[in-house]
Amino acid sequence: MPHTVLILLSIVLSVIMLRNAIIALPLLFVLPMLAEKQSHIIVKCVSWITYIGICLFFCLIVLVRFGFARTYILSTEMSPDKKHSASIIVHDEGALGGSIEVQYERLYGGIIKKSRPIYIDRLSEPKIEWIDNYKIQIDDVIINIKDRDVIYRRK
């Protein structure tokens, strides 16, 4: 593959890194193997400089995403039939603030099979209460998890 194409792939790889650094990691190692041996020296130099820049960018993204942000589960509430749970997950980003997410989990024999966020708010700890097996009240919002609808929201 010509080095000019590798330069373009490096730019595409940097966009992929912004979305998900874990997916970009194997691509980062495969990219130099695709290089063509016969190419102009200037194009080779630009290609390698671009590749080294992308590697440094990857290290910076991993450091920022996984080094400074902390994520932990604050509490978990089980539904009355013990087949569903709702967990309060805190995404603490230090001086940037962060967010709190309520994540719904469907349990099959004690193993989580389906998990999705149902409520996201800025750092204010919500109060969770199960109304029945398929309705959950988070602060003043009642959500039907079966239909994914907000049933009631007090203003």
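The values are calculated or read from the model by the stated rules, or taken from the named source; none is laboratory data. This is a predicted model, so every value here is computed, not measured. Here the Cβ positions follow ideal geometry from the backbone for every residue, glycine too, while neighbour counts run over all protein chains shown. Just the protein is used for accessible areas: all its heavy atoms, side chains included, with ligands, DNA and RNA removed. Shrake-Rupley method; radii C 1.70, N 1.55, O 1.52, S 1.80 Å.
Amide H neighbours of I131 under 5 Å, counting only residues 5+ apart in sequence or on other chains, H built in-plane at 1.01 Å?
Correct list: I136, Q137.
Over the chain, with a Gaussian network built from C-alpha contacts below 10 Å, which listed residue (I120, I61, I111) shows the highest mean-square fluctuation?
Its mean-square fluctuation being the largest, the pick is I111.
Below 8 Å between Cα atoms, with a sequence gap of 6+, how large is the relative contact order for the chain in percent?
Over the chain, the number comes to 13 percent.
Which trypsin sites (Lys or Arg not before Pro) does segment 94-145 hold that lie in a coil by DSSP with at most 14 other beta carbons within 10 Å? Please report the intermediate quantities before stating the final value.
Working: sites: R106, K113, K114, R122, K127, K135; in loops: K127.
Of the trypsin sites (Lys or Arg not before Pro), the ones in loops of segment 94-145 whose Cβ has at most 14 other Cβ atoms within 10 Å are K127.
Using a Cα-Cα cut-off of under 25 Å, which lysines could be cross-linked to K114, ignoring same-chain neighbours fewer than 8 residues away?
K82, K83, K127, K135, K146
If you keep only loop residues by DSSP, which chymotrypsin sites (Phe, Trp or Tyr not before Pro) in segment 43-109 have at most 12 other Cβ atoms within 10 Å of their Cβ?
Counting only loop positions with at most 12 other Cβ atoms within 10 Å, the chymotrypsin sites (Phe, Trp or Tyr not before Pro) in segment 43-109 are F68.
If I stretch the segment between I41 and I118 completely, what's the gain in nm (0.36 nm per residue apart, minus their alpha carbon distance), one decimal? All intermediate terms of the calculation are to be shown ahead of the outcome.
Numbers: separation 77, 0.36 × 77 = 27.72 nm, distance 5.39 nm.
The span from I41 to I118 would gain 22.3 nm if fully extended.
Suppose each label sits 7 Å from its Cα in the direction of the beta carbon; what would the L60-D140 distance come out to in nanometres?
Roughly 4.3 nm, to one decimal.
Quick one: net charge of I111's neighbours, Cβ under 12 Å, K/R +1, D/E -1?
Combined, the nearby Lys, Arg, Asp and Glu give +3.
Return the calculated 222 nm mean residue ellipticity for the chain, to the nearest 500 deg cm²/dmol, obtained by summing -39500 (n - 2.57) across DSSP H runs with n ≥ 4 and dividing by the residue count.
For the chain, the value works out to -12000 deg cm²/dmol.
Measure off, as a whole percent, the carbon and sulfur share of the 1.4 Å-probe accessible area of the chain, all protein chains present.
In the chain, the share of accessible area belonging to carbon and sulfur is 63 percent.
Helix 41-67 versus the longest principal axis of the chain: what is the Cα-based angle in degrees, 0 to 90, to the nearest 10?
20 degrees
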